[in-house]
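Structure first, then comments.
The values are calculated or read from the model by the stated rules, or taken from the named source; none is laboratory data. Please read these numbers as outputs of a predicted model, since none were measured by experiment. Positions of Cβ are generated from backbone atoms using ideal geometry, with glycine treated the same way; all protein chains shown enter the neighbour counts. When the accessible area is computed, the model is the full protein with side chains, heavy atoms only, and any ligands, DNA or RNA have been set aside. Shrake-Rupley method; radii C 1.70, N 1.55, O 1.52, S 1.80 Å.
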Amino acid sequence: MEKQEYNITVYTENQIGLLSRIAIIFTRRKINIESLNTSPSEIDSIHRFNIVISESEDVVRKLCRQIEKQVEVLKVYFHTNEDVIWQELALYKVSTDVIAEKVSVERLLRENGARVVVIRKDYTVFETTGHREETDTLISILQPYGLIEFVRSARVAIIKDSDGFNSKIREFERLEPGEEVIENEYLNQGQKVFTM
Amino acid sequence: MLDALIAEGVDTIFGYPGGAIMPIYDALFDYSDKLNHILVRHEQGGIHAGQGYARTSGKVGVVFATSGPGATNLVTGLADAQIDSTPLVCITGQVFAHLLGTDAFQETDVINITTPVTKWNYQVTDATEIPEVLAKAFYIAKSGRPGPVLIDITKNAQIQKFSYEGYTKCDHIRSYRPKPIVRPQYIQQAAELINNAKRPFIIWGQGVILGSAEDEFKAFVEKSGIPAAWTILGAGAIPTDHPLNVGMLGMHGNYGPNVLTNECDVLIAIGMRFDDRVTGRLDKYAKQAKVVHLDIDPAEIDKNVKSTVPVWGDCKETLPLLTALIEPKTHTKWHERFDDYSQQEYDAVIHAELNPASGELTMGEVIKQLNELTKGEAVIVTDVGQHQMVACRYAILNKTRSNITSGGLGTMGFALPAAIGAKFGAQERDVIAIIGDGGFQMTLQELGTIMQTGIDIKIIILNNKFLGMVRQWQELFNERRYSFVDIESPDFVAVAAAYKIPGKCVSDRADLAGALKEMMESKGSYLLEVMVTKENNVFPMVPQGCSVAEIRLK
């Protein structure tokens, strides 16, 4: 099967060591994690991982089952790039003098959908968000003007079918009837739930 | 912590003290009437004993070790328990929390070292967490697909005083789903496949035993009339001589079960995970068959073999549902195929292995003679290698939880400590450890544990003066280039004697039966070394990279 980029979304408890437990599922199989973002989700105490890898669907499905098997993982989804809206954020630091003298800042910002985060005497920081090619383009534009420093975030991805997805997690929390709740019958049963 | 263990029904602990776990051991001193602590000779011995205990008793094995080297010595056993789904709770001491990450004396990052080989692990730095964490540890270790759990407790938490408000067992963790919900439509579909099958074949694994579903499994097999074969960890779930039990699967399994895997039309896999030693070459494995896979672990479904119908769930629940929907059948003609292959295997391999008229002793005849004494009632603990395959092939097992061996990890040195634990887990049963001359030398220090506890296990060393399985491969696949398999051994009987364990060494056929009888009748532990022929090979064999249908008889 063809390898392609997959966006793996993992909902977990907030637990020390879980990042390592998830990461070794990839490293054990010598699979490179191309991008990893972890952050609190919209639900209190539940974290969301966005992981990007290039693999075949079959491999990704098996990896997701191994991840979901971990005790502190609630749910794992995987999607191709077509099924998600995704963004990466990039910051660019350039010399204020050079930029002010040689570059039409207004045109640059407009054409690249960038904005200025900070202007100091000695440096200016631009910010842009977009796909990899888009943030790469601005690097090549700024490079001739002495790009001092560049950083790009991991990918964050929203699943296009996000209504259903979001409400599923809410269902877990409220324990309303639904297929996922049947699968996760012990989710959040008030006093009976054991949390650390 | 010790009260928590008692509340969980723990009666036996295998362990070894050290600096970072001293406060726990100090407390244990006052609990010696309630908790039987077995002092092992090496932490690896401790954890293998815990595994043996868990495997015979069905309870959670509990192991104590200190920080640093104590904890790292557990790693082999954790990996073994993880791959063989053995429920364990290991408690390791750790340096004071304020010293974590400072390269303190006997500090290692135990949590990260053990993450890949534990079902769950957790570091406690605050004593108030201990009751909850232990409750969670026991729940995780034994529920769903069982596995090892490690709890690392820093020394400050061990000496910290707090107000203990009693112990509450854990029965739910919101992010953890130990048992998938049974889906009736899959049971229905599986039953239809089975009812329409002309040549159905059941293969079962340890899941039947771990799920305590032996009765449910037997009822299913008997109503269906389908021939059933086992993986080595599944051995004994139904008796060896049950008429529907057609034998062992895999690399050194029986002829018919391997060949006919590639001829059956419906393959019903129950509580097994299609290990490569069972499937041989995967792209030529049971391609003609529709596969029904019953497993409690969703990650096992379609992992190695794609299933036509996945039956997720605890087989104790799913098997009766399936049994209710299937039609009683006998499959006489299909059984005859197994009988034919069985006869061919007997003529080509088994007869000569079990009944050699002359020459040196064979491993097979030792097992055969032993069967006559145990009558299939004993717990057989094996190490890893040729003797393991021979013992698993030929030992008669009438009871479940009778075959204790390192299946997935193949840990040499497993048998002696595991046998000690197995005996503590099943004190009313005879426990016989069958070990090679190589593996015995990996953990023979546990003879000291036998000496000190006075426990009664019988040890048979099948000595072929070689690391036999590797030698067999070198003979068959490396043009007899016997690279470092010629192993010299000490006088095992004298070693045992140094530990006050009586023993004997036999090499003549005329002495074998008498020596085995003497061993079985002796009070307390006994070591019998049997000198067997040096260059015997275990057959049948599915060579690596071959399909199960390409199994060789010689």
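Kindly establish whether residue B:168 is over 30 Å from residue B:408 (Cα atoms) and hydroxyl-bearing (Ser, Thr, Tyr). Judged against the criteria, residue B:168 is a match. Residues in segment B:121-159 that are within 12 Å of chain A (Cβ to nearest Cβ), outside any helix (DSSP H, G or I), more than 18 Å from residue B:27 (Cβ to Cβ) and not basic (Lys, Arg): B:121, B:122, B:123, B:125, B:143, B:144, B:147, B:149, B:150. Any residue at all in segment B:217-230 that is among the basic types (Lys, Arg) and either within 14 Å of chain A (Cβ to nearest Cβ) or open to solvent by less than 50 Å² (accessible area, probe 1.4 Å) (or both)? Checked against the condition, which is being among the basic types (Lys, Arg) and either within 14 Å of chain A (Cβ to nearest Cβ) or open to solvent by less than 50 Å² (accessible area, probe 1.4 Å) (or both), segment B:217-230 yields no hits at all. Return a yes/no flag: does segment B:172-185 have any residue that is away from every other protein chain (no Cβ under 11 Å) and aromatic (Phe, Trp, Tyr). Looking for residues that are away from every other protein chain (no Cβ under 11 Å) and aromatic (Phe, Trp, Tyr), one finds none in segment B:172-185, hence no.
Among the residues of segment A:1-38, how many are among the aliphatic types (A, V, I, L, M), under 21 Å from residue B:175 (Cα atoms) and out of contact with any Ser or Thr (no Cβ under 6 Å at 6 or more places or on another chain)?
Taking segment A:1-38 and keeping what is among the aliphatic types (A, V, I, L, M), we get A:1, A:8, A:10, A:16, A:18-19, A:22-25, A:31, A:33, A:36.
If we keep only those that are under 21 Å from residue B:175 (Cα atoms) too, we end up with A:8, A:10, A:16, A:18-19, A:22-25.
From what's left, out of contact with any Ser or Thr (no Cβ under 6 Å at 6 or more places or on another chain): A:8, A:10, A:16, A:19, A:22-25.
Going through segment A:1-38 one residue at a time, the tally reaches 8.
Residues checked against (1) small (Gly, Ala, Ser); (2) over 24 Å from the mean Cα position of the chain (by Cα); (3) under 23 Å from residue B:42 (Cα atoms):
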position: B:421; (1), (2), (3): yes, no, yes
position: B:429; (1), (2), (3): no, no, no
position: B:434; (1), (2), (3): no, no, yes
position: B:458; (1), (2), (3): no, no, yes
position: B:486; (1), (2), (3): no, yes, no
position: B:499; (1), (2), (3): no, yes, yes
position: B:509; (1), (2), (3): no, yes, no
position: B:512; (1), (2), (3): no, yes, no
position: B:515; (1), (2), (3): yes, yes, no
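Scanning segment A:1-24 for residues that are within 9 Å of another protein chain (Cβ to nearest Cβ), in contact (Cβ under 8 Å) with a residue 24 or more places away in the chain and either loosely packed, with under 14 Cβ neighbours inside 10 Å or assigned to a helix (DSSP H, G or I) (or both) yields a single hit, A:21. Taking residues in segment A:64-93 that are under 17 Å from residue A:48 (Cα atoms), and partners anywhere that are of a type in the set (Asp, Glu), the pairs with Cβ atoms closer than 6 Å and at least 6 places apart or on different chains are A:72/A:13; A:76/A:68.
Per this entry, residue B:209 is not counted among residues that are of a type in the set (Val, Ile, Thr) and closer than 21 Å to residue B:334 by Cβ. State the number of residues belonging to segment B:160-196 that are of a type outside the set (A, V, I, L, M, F, W, C) and open to solvent by less than 30 Å² (accessible area, probe 1.4 Å). Final tally of qualifying residues: 7. For segment B:50-96, the tally of residues that are more than 30 Å from residue B:9 (Cβ to Cβ) and of a type in the set (A, V, I, L, M, F, W, C) stands at 2.
So which helices (runs of 4 or more DSSP H) are wholly in segment B:299-405 and hold at least 3 residues that are among the β-branched types (Val, Ile, Thr) and crowded, with 16+ Cβ neighbours inside 10 Å? Let's see the steps before the verdict.
Numbers: elements: B:315-325, B:332-345, B:351-354, B:363-374, B:386-394.
Correct list: B:363-374.
Residues of segment B:235-257 that are open to solvent by less than 30 Å² (accessible area, probe 1.4 Å) and either of a type in the set (D, E, K, R) or part of a helix (DSSP H, G or I) (or both): B:256, B:257. Going by what's in this entry, would residue B:514 be described as under 28 Å from residue B:378 (Cβ atoms), out of contact with any helix residue (DSSP H, G or I) (no Cβ under 8 Å at 6 or more places or on another chain), open to solvent by 30 Å² or more (accessible area, probe 1.4 Å) and not hydroxyl-bearing (Ser, Thr, Tyr)? Answer is yes for this residue. Check residue B:278 against each of (1) surrounded by 24 or more Cβ atoms within 10 Å (Cβ to Cβ); (2) within 17 Å of residue B:309 (Cβ to Cβ) and name the one condition it does not meet. So the condition that residue B:278 fails would be (2). Residue check: residue B:507 meets all listed conditions (1) among the polar types (S, T, N, Q); (2) within 30 Å of residue B:38 (Cα to Cα); (3) open to solvent by 10 Å² or more (accessible area, probe 1.4 Å); (4) in contact (Cβ under 8 Å) with a residue 24 or more places away in the chain but one, namely (2). On inspection, residue A:63 fails the criterion of being open to solvent by 40 Å² or more (accessible area, probe 1.4 Å) and either at the interface with chain B (Cβ under 9 Å from one of its Cβ atoms) or not hydroxyl-bearing (Ser, Thr, Tyr) (or both).
Among the residues of segment B:258-286, those identified as in contact with a strand residue (DSSP E or B) (Cβ under 9 Å, 6 or more places away or on another chain) and assigned to a loop (DSSP other than H, G, I, E, B) are B:262, B:263, B:264, B:265, B:271, B:272, B:273, B:274, B:281, B:285, B:286.
On inspection, residue B:163 fails the criterion of being among the hydroxyl-bearing types (Ser, Thr, Tyr) and more than 24 Å from residue B:10 (Cβ to Cβ).
Right, residue B:157: over 27 Å from the mean Cα position of the chain (by Cα), among the hydrophobic types (A, V, I, L, M, F, W, C), open to solvent by less than 20 Å² (accessible area, probe 1.4 Å) and more than 30 Å from residue B:101 (Cβ to Cβ) or not?
Numbers: over 27 Å from the mean Cα position of the chain (by Cα): yes; among the hydrophobic types (A, V, I, L, M, F, W, C): yes; open to solvent by less than 20 Å² (accessible area, probe 1.4 Å): yes; more than 30 Å from residue B:101 (Cβ to Cβ): no.
No; evaluated as a whole, the condition is false for this residue.
Quick one: which of B:450, B:455, B:461 is among the hydrophobic types (A, V, I, L, M, F, W, C), in a strand (DSSP E or B) and crowded, with 18+ Cβ neighbours inside 10 Å?
Working: B:450 fails: in a strand (DSSP E or B); B:455 fails: in a strand (DSSP E or B).
Exactly one of B:450, B:455, B:461 is among the hydrophobic types (A, V, I, L, M, F, W, C), in a strand (DSSP E or B) and crowded, with 18+ Cβ neighbours inside 10 Å, namely B:461.
Of all the residues in segment B:197-207, those that are open to solvent by 20 Å² or more (accessible area, probe 1.4 Å) and part of a strand (DSSP E or B) number 0. Within segment B:170-185, residues that are in contact (Cβ under 8 Å) with a residue 12 or more places away in the chain and within 21 Å of residue B:8 (Cα to Cα) sit with their Cβ atoms under 8 Å from residues that are outside any loop (DSSP other than H, G, I, E, B) and of a type in the set (Ser, Thr, Tyr), at 6+ positions apart or across chains, in these pairs: B:170/B:139; B:171/B:139; B:173/B:139. Would you mind stating whether residue A:20 is under 21 Å from residue B:136 (Cβ atoms) and modelled with pLDDT of 95 or more? Yes: the conditions hold for residue A:20. If you go through segment B:77-120 and keep only what is small (Gly, Ala, Ser), within 14 Å of chain A (Cβ to nearest Cβ) and assigned to a strand (DSSP E or B), you end up with nothing. Taken together, the residues in segment B:6-50 that are under 17 Å from residue B:444 (Cα atoms), touching a strand residue (DSSP E or B) at 6+ places or on another chain (Cβ under 7 Å) and open to solvent by less than 10 Å² (accessible area, probe 1.4 Å) amount to 8.
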